[in-house]
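The values are calculated or read from the model by the stated rules, or taken from the named source; none is laboratory data. Because the structure is predicted, anything quoted here is derived from the model rather than measured. Positions of Cβ are backbone-derived with ideal geometry, glycine not excepted, and every protein chain shown enters the neighbour counts.
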Amino acid sequence: MKRLQILVLLAITWVQLTAQTKYSKEIEDQIKLVENGLSGRVKINGKTYNLQERMAHFKVKGLSIAVIHNYKIVWAKGYGWADEKEKRPVNTQTLFEPGSISKSLNAVAVLKLVQDKKLDLYADINTYLKSWKFPYDSVSKNKKITLANLLSHSAGLSVHGFPGYDRKDKIPTLVEILDGKKPANTPAVRSEFEPGLKFKYSGGGTTISQLIVSDVTNQPYDQFLYETVLKPIGMVNSTYTQPLPKDKLKFAATGYYTDGREVPNKFHVYPEQGAAGLWMTPSDLCNYIIETQWAYQGKSSKVLNQEMTKLRLTPYLDESSALGVFIEDRAGVKYFQHGAGNEGFRGQYYGSLEGGNGVAVFVNSDNGAILFEVINSVAEVYKWKNFYFPEAKNVVTVPEAVLKTYEGIYLFEDKYAIVLPKEDGYYYLTDGVYSKMHFTSETEFFNEEFLAEKKFLRDTSGKVNGFTRQVRGKTFPQAIKVENADTLSLPAYQLNTIGWYLLENKQYDNAISFLNSGIKRMPEDPIATGNLGHCYLFKGDFNKAIELYRDFLFRAVGPYENVKDMISQDFVFFKNNGFDTGLMDKAFAELKLEIPEAYKQK
């Protein structure tokens, strides 16, 4: 009987996962081509990737896509899990919270008020702010900030983006956020240089425009945006309401980190609605793309007329940043786009200014690398003009003994890179990004994520001592292989970061060397000491690990209340990545630490 129940449950789950809209054979064939044509900036040996394989590779739980061709949504589809624990699949109604795409619709709302003569795009923002005034100081050099500055990121303002708030946290008001007062978790939004000088991305500036919309309309921001922008253009499933209303929770995707862990309490709350707070589906966003395309040609004006749409899509100060949107000129063909990233979510959309092509892709993951691979595939299948020109490269197999000599730490321009082996080959790690190494000869390699072509060098004795770097024929300073951590001029926190990545890859002796070097420079660093404890724990020196942990057990550290909390969360990461749980269980008991729920999960 139990076996029958399991079979029925599996059958129901499969139906849920595969229950998508049925399309004509022509469209279904196009979908299959997209699903099997993923590729990055480089096509290696002419190969393309399969969508499900790449989702597994990037540890992406769920993905949702909608495709525009000839000014129509030709198909939309969901893949994977909206919530893996609940076995709730992604479908076309699943809501995502990808973040900064919110700025595009925010700009439409602001320009609607400009179009209706309720705002002047070029007036001092304090003309319209009622509940708060921007505190100008000497940094702005007596120049006034305008709405055009805010929307084009040319206001010279601080606060690039927002981390959001746990759903159980106290949520700050907009004024508290703008002034950086608790419970806000970001600094005050203030001038960093005079407005109109240059581009500098600022979610803080967008948040000021959000307050202006509310102050001028005397309406809640989410209500005005829905009635004036979202509903008229067909984004009827989308909402700026934060926190997400209870009736929408059943549609909401859960966010996940790059290692596949679930975001605590599933997703964050963003009171910075205009900058990051829009919950939406790709199909809804495609309705916005199509309306923009028609309005640009003067064939629709559901919200903005042709004149205002053309203004919105015209770069304001630099060559790409327009009003709430970025313009890309690809060999004479223009596309408008915006990317996005909230805690546990990533997204990207593109629309052509002419020809009626477009796409919106969302994932419930902190890893958005798959987004452009999917978009490239869509561009290939639907023959987008001048959009995708992949570089073709053939790769070779390098003997393992040779690869082994490349392992190590390399320093260049006050940055570092780590070359290390993983399950499926050798990887180049820098700026927190693991990038697979593809060799075109025994010494030359490239990474899909970075433009530089690299070549390993050896000294007269045959020992590897660095690598060269070239980007489009331009030579950059040589990277030098580091033989002794103590000789590095890097700050302590970077040495600790290197140590963490070596620990993460179970290179404990190397990790200990870098962590000790960092601790010499900052002896009271609890993070480095905790990481050193991890190294000794997994290396097998349990007593040494416990001694190190206890040295700083009650010290406050970063986002954690104390080192005890940090150790517990680190152990969740280690468990999810195949480290010895027996050693961690023993440490939990010895230190009398509370075991977090995420660690108990199988």
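Is there a residue in segment 179-189 that is surrounded by fewer than 21 Cβ atoms within 10 Å (Cβ to Cβ) and of a type in the set (A, V, I, L, M, F, W, C)? Checked segment 179-189: at least one residue is surrounded by fewer than 21 Cβ atoms within 10 Å (Cβ to Cβ) and of a type in the set (A, V, I, L, M, F, W, C). Do the conditions hold for Tyr406, that is, is it under 24 Å from His57 (Cβ atoms), in contact with a strand residue (DSSP E or B) (Cβ under 9 Å, 6 or more places away or on another chain), surrounded by 17 or more Cβ atoms within 10 Å (Cβ to Cβ) and hydroxyl-bearing (Ser, Thr, Tyr)? Yes; evaluated as a whole, the condition is true for this residue. Scan segment 102-114 and give yes if some residue there is closer than 20 Å to Ile177 by Cα, among the hydroxyl-bearing types (Ser, Thr, Tyr) and modelled with pLDDT of 95 or more, otherwise no. For segment 102-114, residues closer than 20 Å to Ile177 by Cα, among the hydroxyl-bearing types (Ser, Thr, Tyr) and modelled with pLDDT of 95 or more: present. Being surrounded by 15 or more Cβ atoms within 10 Å (Cβ to Cβ) and closer than 27 Å to Asn185 by Cβ is a description that does not apply to Leu548. When segment 271-291 is filtered for residues that are buried (at least 24 other Cβ atoms within 10 Å of the Cβ) and of a type in the set (Ser, Thr, Tyr), the ones remaining, listed by number, are Thr281, Tyr288. Out of Lys143, Lys170, Lys133, one residue alone is in contact with a Pro (Cβ under 6 Å, 6 or more places away or on another chain), of a type in the set (D, E, K, R) and within 30 Å of Glu227 (Cα to Cα). It is Lys170. All told, Ala275 falls short of being of a type in the set (Gly, Ala, Ser), in contact (Cβ under 8 Å) with a residue 24 or more places away in the chain and either assigned to a loop (DSSP other than H, G, I, E, B) or out of contact with any Ser or Thr (no Cβ under 7 Å at 6 or more places or on another chain) (or both). Using the structure shown, decide if Ala528 is crowded, with 19+ Cβ neighbours inside 10 Å and either of a type in the set (S, T, N, Q) or more than 27 Å from the chain's Cα centre (by Cα) (or both). It is false that Ala528 is crowded, with 19+ Cβ neighbours inside 10 Å and either of a type in the set (S, T, N, Q) or more than 27 Å from the chain's Cα centre (by Cα) (or both). For beta carbons closer than 6 Å, sequence separation of 6+ or different chains, a first residue in segment 380-398 that is closer than 25 Å to Glu444 by Cβ and crowded, with 16+ Cβ neighbours inside 10 Å and a second that is of a type in the set (Lys, Arg) and at pLDDT 95 or above, there are no qualifying pairs. Per this entry, Lys248 is counted among residues that are over 17 Å from Gly344 (Cα atoms), modelled with pLDDT of 95 or more and among the charged types (D, E, K, R).
For Asn91, are the conditions met, namely being at pLDDT below 95, of a type outside the set (Asp, Glu) and in a loop (DSSP other than H, G, I, E, B)? Taking the combined requirement at face value, the residue does not satisfy it.
Restricting attention to segment 536-591, the residues being in contact (Cβ under 8 Å) with a residue 40 or more places away in the chain and part of a helix (DSSP H, G or I) number 19. When the test is whether a residue is of a type in the set (Lys, Arg), crowded, with 20+ Cβ neighbours inside 10 Å and more than 25 Å from Leu353 (Cβ to Cβ), Lys77 passes it. Applying the criterion of being at pLDDT 80 or above and more than 13 Å from Tyr599 (Cβ to Cβ) to the residues of segment 551-581, the residue that is farthest from the chain's Cα centre (by Cα) is Asp551. Picking from residues in segment 410-428 that are closer than 14 Å to Gly466 by Cα and hydroxyl-bearing (Ser, Thr, Tyr), the one that is modelled with the lowest pLDDT is Tyr416. Annotation note: Cβ proximity below 9 Å between a residue of segment 332-354 that is of a type in the set (Val, Ile, Thr) and a residue that is at pLDDT 95 or above and outside any loop (DSSP other than H, G, I, E, B) (sequence gap 6+ or interchain) occurs for Val333/Ser352. Taken over segment 439-463, the residue count meeting the criterion of being surrounded by 19 or more Cβ atoms within 10 Å (Cβ to Cβ) and either over 24 Å from the mean Cα position of the chain (by Cα) or in the same structural domain as Leu502 (by TED's automatic domain parsing) (or both) is 4. Test Asp169 against the criterion of being acidic (Asp, Glu) and in the same structural domain as Val108 (by TED's automatic domain parsing), and give yes or no. Against the criterion (acidic (Asp, Glu) and in the same structural domain as Val108 (by TED's automatic domain parsing)), Asp169 qualifies.
Give segment 306-344 a look and list any residue that's surrounded by fewer than 19 Cβ atoms within 10 Å (Cβ to Cβ) and closer than 16 Å to Glu354 by Cβ, or say none. Within segment 306-344, Gln306, Lys310, Thr314, Ile327, Glu328, Asp329, Arg330, Ala331, Gly332, Val333, Lys334 qualify. For segment 300-340, a tally of residues being out of contact with any Pro (no Cβ under 7 Å at 6 or more places or on another chain) and not in a loop (DSSP other than H, G, I, E, B) returns 18. The set of residues in segment 94-119 that are under 15 Å from Asn364 (Cβ atoms) and either charged (D, E, K, R) or not in a strand (DSSP E or B) (or both) comprises Thr94, Glu97, Pro98, Gly99, Ile101.
On the stretch given as segment 242-289, residues that are in contact with a Lys or Arg (Cβ under 6 Å, 6 or more places away or on another chain) and at positive phi total 2.
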